[in-house]
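First the structure, in the form of structure tokens, and then the observations on it.
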Amino acid sequence: MRDADGGPAETATPLLVEILTTERGRIDRMVGDLVRSRDVLSDVIETASDPGLRPGTD
């Protein structure tokens, strides 16, 4: 995947391109899942940080 100078290889077989494209899609899905998890966590932190919403703080 790298040439002698360390840069991206300029040639690839169609199979390699297919494999790399599939892997990129898998990574994109994982990133999306992580972003959604982070958003939920942010909501939990925001809610937990609101003193008016803590139990016993009526």
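None of the figures in this text is laboratory data; all of them are computed from the coordinates on show. Treat the numbers as computed from the prediction; the structure is a model and nothing was measured. So basically every Cβ, Gly included, is an ideal-geometry build from the backbone, and we count neighbours across all protein chains shown.
Regarding region 42-50, can at least one residue be identified that is exposed (fewer than 10 other Cβ atoms within 10 Å of the Cβ) and touching a helix residue (DSSP H, G or I) at 6+ places or on another chain (Cβ under 7 Å)? So far as region 42-50 goes, no, none of its residues is exposed (fewer than 10 other Cβ atoms within 10 Å of the Cβ) and touching a helix residue (DSSP H, G or I) at 6+ places or on another chain (Cβ under 7 Å). Residues that are in a loop (DSSP other than H, G, I, E, B) and of a type outside the set (A, V, I, L, M, F, W, C) within region 2-25 comprise Asp3, Asp5, Gly6, Gly7, Glu10, Thr11, Thr13, listed in sequence order.
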